[in-house]
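Engineer: Sharing a structure, written as structure tokens. Questions coming.
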Amino acid sequence: MPEIKKFDLGSEPVTAMTDPKPSFSSSTMSNHKGFPKKKVTAAVIVLGLLFVIVFFGIILPAQRVYSSANKTHTQAQKAWAGLKTQNINAASDDLAKTKIALTQTQKDLDAMSYLRFVPLVNLYYNDADHLMKAGSNGLNAGTIVLESIKPYADVLGLKGQGSFVMGSAEDRIKLAVMTMGKITPRIDEVASSLVMAQKELDQVDPNHYPGFMGGDKIRKQLTQVQTLADGAISVVEQARPLIKVLPALLGEQKEKKYLVLFQNDKELRPTGGFITAYAVFRIDKGIIHVDKSDDIYALDNSRTRTIPAPAPILKYLPKVPNFNIRDSNLSPDFEVSMDTFRSMYKDSTQKVDIDGIIALDTHVLVSVIKILDDEVIAGGIKFNTQMDKRCNCPQVIYVLEDNISRPVNYVKTARKDLLGTLLYAIMEKALKSSPKLYWGALFQDMVTEINEKHILVDLNDESAQGGVRALNAAGQIKAFEGDYLHVNDANLGGAKSNMYVTQAVNQDYQITGDGSVTKTITINYKNPQPPSDCDLERGGLCLNATLRDWVRLYVPKGSQLVDSKGSEVKVTTSEDLGKTVFEGFITVNPKGTATYTLTYKLPFKVASGSPLPLLIQKQPGTDMNEYTVKVNGKTIEKFALAVDKEMKLVH
């Protein structure tokens with residue numbers, strides 16, 4: 001085996017016995033372990049060229065795109081700020097500038113189109129390109145919307161010079177409604193732009209982005225954007241029929257009549273409250289007229305036939321043998337309840353032909369009166385929302401209850417139509433004011449009240465009602481893939497105790513290794529207020545009494561009850577509206593508490609690592625009930641339920 005020589009190039013030259021002056025030729029170097037000089041030089045040149053290509057071909061262009069995108073984002077934020085302040089002109093101008101900025105960003109990105117052919121990098125380039133195009137289509141949709149409503153800026157109370165600035169408020173509204181039919185067809189253009197945006201977003205794959213170095217955040221943001229886009233196009237598509245017939249619904253060519261029901265949420269019922277009073281509103285070219293208002297008992301007394309009471313009434317209101325129209329809203333689905341109401345209403349001698357039913361509760365009254373400088377005069381009474389010590393509630397609530405609910409030994413001639421008088425006074429004050437004073441705030445408040453289910457709508461026109469459903473204004477019990485919960489309380493003979501009773505709902509999931517899910521619902525009720533004087537002979541105003549609560553939990557169909565505690569009757573299981581229903585009954589005394597607990601097994605299993613979708617639907621008439629969600633003992637989220645809430649639970 002040949003001898004291996006070792007050379008220490010860092011020490012003094014070593015003199016070999018056989019070769020006193022050893023030398024290293026270029027041929028010797030070429031045989032040394034390592035890179036030959038030519039190859040090293042070539043590698044350096046290649047690396048240098050690669051750096052130049054990456055730097056000038058990717059890094060610098062990417063920096064230009066990034067800088068341009070930041071400018072576009074900043075401009076978009078200005079447009080959004082204009083929308084939030086209801087400044088329609090400023091928002092429109094900033095949206096136009098955003099489109100210009102986005103066009104420049106798209107040009108900067110197009111300059112890097114050669115990246116389409118670079119493996120791996122092309123994935124991110126294509127995502128960016130799809131996002132740019134989706135943004136462009138989204139801006140087109142926004143531009144159409146703003147251009148469409150800009151002429152109505154003054155009518156809607158928005159900041160900006162509209163087209164209907166002359167004449168009285170009624171003149172403006174009439175002209176706006178008469179011209180609305182020319183604008184509503186543009187909803188098709190909005191839908192088309194959103195569909196194109198959705199198609200671009202669908203081609204972006206969030207899984208391209210790793211779960212480190214900020215990739216996880218990008219992935220979540222992209223998923224959220226795709227979800228929001230899907231929701232937006234769904235709402236627009238479904239609401240399109242409603243928007244198209246909106247002029248007709250507002251009496252553009254032929255007046256429309258709507259039955260307005262007042263649901264007293266202080267005496268909670270399945271669709272939002274006990275039906276206390278009603279009014280017939282006639283709308284002619286956008287102008288509202290109150291044709292009639294009356295006590296709901298008067299409507300019941302006008303019916304020409306009686307119907308035996310259904311089981312829940314017989315069970316929990318044993319002194320009420322007949323089914324009254326005031327108790328017709330027993331289904332938690334508003335449309336189903338209104339079908340029952342209509343079937344009974346047709347037997348009334350007071351019946352008039354109507355084009356739909358609109359229900360509202362006390363939350364709407366309090367909110368609107370606050371906007372109207374916290375004072376409305378109706379029937380010689382001043383109404384406001386200041387806390388009244390007589391009931392520890394807003395003054396408007398006490399005055400209405402005092403006039404409508406308190407028993408007296410004489411006839412209150414104004415009692416039956418006080419609510420209608422108040423509603424008319426509210427509309428009159430709003431209409432006689434400058435649009436810039438109240439209209440914008442009232443319009444925004446109406447949107448909020450609908451979203452929170454304090455206003456519900458059931459229209460005769462089925463296509464228009466489809467749009468109402470899309471806006472979540474129909475009070476439906478929805479179909480849902482995953483877990484579902486709707487807690488529905490009905491105050492049957494418990495005075496107006498829901499004015500004081502609070503409710504906290506705890507959901508605790510136990511998920512086993514095989515994916516089985518057992519769920520425990522604990523509902524804590526509390527009434528901190530002392531009892532009212534409920535002696536009818538003394539003429540007491542009975543607001544706070546023992547709450548008699550018929551409780552139903554709507555859960556996924558096929559769920560199996562495991563255990564129950566707190567119900568004063570045996571908990572029963574049934575099916576309704578495509579759900580399994582657990583039904584019980586509790587009472588809550590003034591200055592008392594009650595706890596109702598149900599444990600049940602869900603009808604499906606959850607795959608390991610897969611999120612569990614959950615939809616919680618709010619009961620109309622309730623306001624900010626507390627909810628806590630736990631998974632295997634760990635608190636996931638706490639919130640006040642103002643609107644329907646959809647979640648994905650990770651276990």
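Every read-out reported here was derived from the displayed coordinates using simple, explicitly stated rules and does not represent laboratory data. Predicted model only: the values in this text are computed from it and were never measured. Please note: Cβ atoms are built from the backbone with ideal geometry, for glycine as well, and neighbour counts cover all protein chains shown.
Engineer: Looking at (1) 43.9; (2) 30.0; (3) 39.4, which value of mean projected area of the Cα convex hull in nm² comes from a calculation on the structure shown?
Structural biologist: Matching entry in (1) 43.9; (2) 30.0; (3) 39.4: (1).
Engineer: Continuing with this model, one more query. What FRET efficiency, computed as 1/(1 + (r/R0)^6) with R0 = 30 Å and r the Cβ-Cβ distance, is obtained for Ala607 and Lys199, rounded to the nearest 0.05? Please list the in-between numbers first.
Structural biologist: Numbers: r = 30 Å, r/R0 = 0.99.
In this case the efficiency is close to 0.50.
Engineer: Within the stretch 570-651, list the trypsin sites (Lys or Arg not before Pro) lying in a DSSP loop whose Cβ has at most 16 other Cβ atoms in a 10 Å radius. Intermediate values should be presented prior to the final figure.
Structural biologist: On the way: sites: Lys570, Lys579, Lys591, Lys601, Lys605, Lys618, Lys630, Lys634, Lys638, Lys645, Lys648; in loops: Lys570, Lys591, Lys618.
Listed in order of number, the matching sites are Lys570, Lys591.
Engineer: Which ordering of Arg116, Arg303 is given by a fewest-first count of other beta-carbon atoms within 10 Å?
Structural biologist: Lowest count first: Arg116, Arg303.
Engineer: In the structure displayed, which of Lys389/Lys526; Lys346/Lys436; Lys351/Lys570; Lys257/Lys436; Lys292/Lys432; Lys601/Lys638 lie more than 30 Å apart, Cα to Cα?
Structural biologist: On the way: Lys389/Lys526 20 Å; Lys346/Lys436 42 Å; Lys351/Lys570 40 Å; Lys257/Lys436 28 Å; Lys292/Lys432 22 Å; Lys601/Lys638 23 Å.
With Cα atoms farther than 30 Å apart: Lys346/Lys436; Lys351/Lys570.
Engineer: Check the straight Cα-Cα distances from Lys519 and name the aspartates and glutamates below 14 Å, setting aside those fewer than 8 residues away within the same chain.
Structural biologist: Reachable aspartates and glutamates: Asp483, Asp508, Asp563.
Engineer: Here is a follow-up. List the pairs from Lys220/Lys565; Lys84/Lys107; Lys97/Lys220 whose alpha-carbon separation is above 32 Å, in the order I gave them. Before the final figure, lay out the partial values.
Structural biologist: Numbers: Lys220/Lys565 41 Å; Lys84/Lys107 30 Å; Lys97/Lys220 28 Å.
Long pairs (Cα-Cα over 32 Å): Lys220/Lys565.
Engineer: Here is a follow-up. Return one number: the angle in degrees, 0 to 90 and rounded to the nearest 10, between the long axis of the Cα atoms of helix 88-110 and the longest principal axis of the Cα atoms of the chain.
Structural biologist: The angle comes out at about 20 degrees.
Engineer: Next question, about the same structure. For the chain, find the longest principal axis of its Cα atoms and tell me its angle to the long axis of helix 215-249, 0 to 90°, nearest 10.
Structural biologist: Once rounded, the angle reads 40 degrees.
Engineer: What does the helix-only formula give at 222 nm for the chain: each DSSP H stretch with n ≥ 4 adding -39500 (n - 2.57), the total divided by the residues, and the result rounded to the nearest 500 deg cm²/dmol?
Structural biologist: It lands at -12500 deg cm²/dmol.
Engineer: Per 0.36 nm of contour for each residue apart, how much would the distance between Lys254 and Cys534 grow if the chain were fully extended, relative to their Cα-Cα spacing?
Structural biologist: That works out to 96.0 nm of additional length.
Engineer: Nearest 20 debye, what's the magnitude of the dipole of the chain about its Cα centre given +1 on Lys and Arg Cβ and -1 on Asp and Glu Cβ?
Structural biologist: Numbers: 77 positive and 72 negative charges, 228 e Å.
The calculated dipole for the chain is roughly 1100 debye.
Engineer: If you don't mind, another one. Taking the chain as the reference, fit the longest principal axis to its C-alpha atoms, fit the long axis of helix 60-84 to the helix C-alpha atoms, and give the angle between the two in degrees, 0 to 90, nearest 10.
Structural biologist: 10 degrees
Engineer: For the stretch 443-541, which GluC sites (Glu not before Pro) are both in a DSSP coil and crowded by at most 11 other Cβ atoms within 10 Å? Don't jump to the answer; show the numbers that get you there.
Structural biologist: Details: sites: Glu449, Glu452, Glu462, Glu481, Glu537; in loops: Glu452, Glu481.
Here the sparse-neighbourhood loop sites are Glu481.
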